[in-house]
Ligand code: HEM
């Protein structure tokens, strides 16, 4: 992951931060449309859940150049997700819903290089989470 990728992800996420609650709601709508079977896994309040998701994404985006901080946090998150019932293939569905949400939320600011940067970054986040879920199993 190079500096340009990190800048593209940070700059685009900054545009989403002011509309974080709406972006989170849109994300879950996209996710449950893509796979309605995921809905029962989410047992808590969806507003609180959406807030945690956006906070975690913000942390991840800020820490992309500090892997010694980011990786252990993602490993813990991955282990917790194994407990929530998240399976490997769900990460693709979540990634698809996230990219769709960013495309919808960013509008004219969405561009092929932004999509490429988010695809790479999501791949790293999801990959780190999935690896630690396997170790915990
Ligand atoms: C990079 C990908 C992901 C990120 C950043 C993320 C982030 C989060 C965060 C921050 C929480 C709050 C609870 C906690 O910190 O443990 C959470 C909960 C949860 N996530 Fe994820 N998540 C991701 C992928 C997934 C995937 C692939 C699934 C699969 C279905 C999933 C399902 C859930 C569920 C079921 C909960 C608990 C909801 C509840 O207790 O009601 N997440 N996620």
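Read-outs throughout are calculated quantities, based only on the coordinates presented, and are distinct from any laboratory measurement. Since the model is a prediction, treat every value here as computed from it, not as a measurement.
Along each principal axis of its Cα atoms, how long is the chain end to end? Whole angstroms, biggest number first, please.
So the three principal-axis extents are 38, 33, 23 Å.
Considering only C-alpha atoms, what is the centroid distance from region 49-119 to region 1-33, in Å?
Cα centroid to Cα centroid, the span is 8 Å.
How far, in nm, would the chain grow between residue 119 and residue 73 when pulled straight, counting 0.36 nm per residue and subtracting the alpha carbon separation?
Contour length minus Cα-Cα distance gives 14.6 nm.
Of 40, 72, 18, which has the largest mean-square fluctuation in a 10 Å C-alpha GNM of the chain?
Looking only at 40, 72, 18, the largest GNM fluctuation is found for 40.
With springs only between Cα atoms under 10 Å apart, run a GNM on the chain and tell me which of 66, 55, 22 wobbles the most.
66
Given the DSSP H assignment, sum -39500 (n - 2.57) over each helix run of at least 4 residues in the chain and divide by its residue total; what's the result at 222 nm in deg cm²/dmol, nearest 500?
Helices in the chain give a 222 nm mean residue ellipticity of -26500 deg cm²/dmol.
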